1. What list of whole percents do you get for P(r) of the chain, with Cα-Cα distances grouped in 10 Å bins up to the one holding the largest distance?
2. Identify, among PRO396, ALA341, LEU422, the residue whose Cα sits farthest towards the positive end of the charge dipole of the range 338-450, taking +1 on the Cβ of Lys and Arg and -1 on the Cβ of Asp and Glu, with the dipole about the Cα centre.
3. Semi-axes of the equivalent ellipsoid of the range 63-318: what are they in whole Å, largest first, if each equals the square root of 5 times a C-alpha gyration tensor eigenvalue?
4. Based on C-alpha coordinates, I'd like the Rg and Dmax of the range 219-371, in Å.
5. Nothing charged except the Cβ atoms of Lys and Arg (+1) and of Asp and Glu (-1): what's the magnitude of the dipole of the chain about its Cα centre? Round to the nearest 20 debye.
6. Could you give P(r) for the range 331-449, binned at 10 Å from zero, as whole percent values over all Cα-Cα pairs?
7. Could you order the peptides 41-50, 221-230, 297-306 from most to least packed, using the average number of other C-beta atoms within 10 Å per residue?
8. When the helix-only estimate is applied to the chain (DSSP H runs of n ≥ 4, each -39,500 (n - 2.57), divided by the residue count), what is the mean residue ellipticity at 222 nm, nearest 500 deg cm²/dmol?
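Just so you know, all these numbers are worked out from the coordinates, no wet-lab data involved. Computed from a predicted structure; not experimentally measured. Here the Cβ is made from the backbone with ideal geometry for all residues, glycine too, and neighbour counts use every protein chain on show.
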Amino acid sequence: MTNPQFFNDAEIVKPPTDRLNDSPLPSEAAYQIVMDEAMLDGNARLNLATFVTTWMDENANKIMAASADKNMIDKDEYPASAAIEARCATMMATLWNAPSPTTTIGVSTIGSSEACMLGGLALKRRWKQARTAAGKDTNTPNLVMSSGVQVVWEKFCNYWDVEPRYVPVTEEHPTLDGATVTDYIDENTIGVVAIMGVTYTGSYEPVAEIAKALDDHQAATGLDVPIHVDAASGGFIAPFLQPDIVWDFRLPRVKSINTSGHKYGLVYPGLGWVVWREKSDLPEDLIFNVSYLGGNMPTLAINFSRPGSQVLLQYYMFLRLGFEGYRRVQAESQDVARFLADEIAKIPAFTLWSDGSDIPVFAWKLTPGHTKNWTLYHLQNRLRIHGWQVPAYPLPDNMADQTVQRIVVRNGMNRSLACALLDDIKKEVDFLDSLNAPIPHAKHIGAFAH
Ligand SMILES: *Cc1c(COP(=O)(O)O)cnc(C)c1O
């Protein structure tokens, strides 16, 4: 019998999940099945684990729909989009205080991961060229970074045969800083990665201090080690909220910077950017010249075909918000993050790990001695019942015995939602505290991956 409300016969049967249907479904039925299943995903705006944009305005949605057919790689077919891409990259070079924005070079990517791969490859190739020119061995490149790097750097080292040298984070040195970085450096170091907005905690690494340590080291040893800044999240926060922190191209040692347009760039996924300080910081042999009708187009990418809408959306956001608009949006996210962090600090069960004063992200741990009965993983599971995703996870390597829980405040997490979240957190802490025996170990439910 056909349900008169859901009137497609095709919806009465469950389509196979291990092979194609034998015959076509009506478009409406296929649409309904897809949308119904996708409905079982979490509510994106209640996901406080992700940095990635989950809301854009109506006009942005129109641009997205109208440009879904554009392929970013087809530069001859879409020369206007290619020009917009280049313009956005120059705007970012300006935002990051490049001494001469029009002589920088930058590209869009599918996300920061691809952008980091390109940044890392440029470091490796430049190091190799210099070593080869000096008649030296090029077999054992290494990259120096904090043990708190995002997983992409581990991948980079694995995929491109570079030895990762992790500087451990400790209670005294919760991020990479100038103190010990040079202990890890030698003539085979292709560069140092500094993070503006450590994924685990939201804290900035002191890039100027790291650069100073490398300057002193160069004066003593002659080794000139470049810095790549992974500003996946902070690249769109620091210029607006902390303009006095010197972390970007104001430091001559910073040769390249990546960011995620789809994080605080406020664009839907997937969009990343990487910008080099000067064209000469990007080895020319990494650039492929693709011939097209009547010309030659330089390309630099790991992906080939890629949606073009996100680049147009980035340009839309730049025009729509301007500098002042971005400042206000990010300031609002930070206000909410600081408010939440203050309120969470007042709950005796919790001790803040970071407070949202760098990027609008903060983390806390259980106050030592508060309870033996529950962990932050239990709280994560309890909050999930209300729809909130608030991930708990261990800190990096040598602090992995410590668990933290983190909130990423994004555009759209307003005060009333924040208050609703706080109520749920307090309610669930009271509930967990009211249990008088240890709860079985909560399995990490996987809302979060480094
Ligand atoms: C998110 C993130 C990445 C990866 O970025 P995607 O845009 O998700 O590919 C890399 N580094 C840091 C510090 C990040 O926060």
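1. Per 10 Å bin, starting at 0, the Cα pair percentages come out as 4, 19, 26, 24, 17, 7, 2, 0, 0.
2. Highest projection toward the positive end goes to LEU422.
3. On the way: eigenvalues 182, 91, 49 Å².
In descending order the semi-axes read 30, 21, 16 Å.
4. Spelled out, the Cα radius of gyration and Dmax of the range 219-371 are 20.2, 71 Å.
5. Working: 38 positive and 52 negative charges, 62 e Å.
The dipole magnitude comes to about 300 debye.
6. 13, 48, 33, 6, 0
7. Highest-to-lowest ranking by the protection proxy: 221-230, 41-50, 297-306.
8. On the way: 10 runs with 155 residues, N = 450.
Result for the chain, helices only: -11500 deg cm²/dmol.
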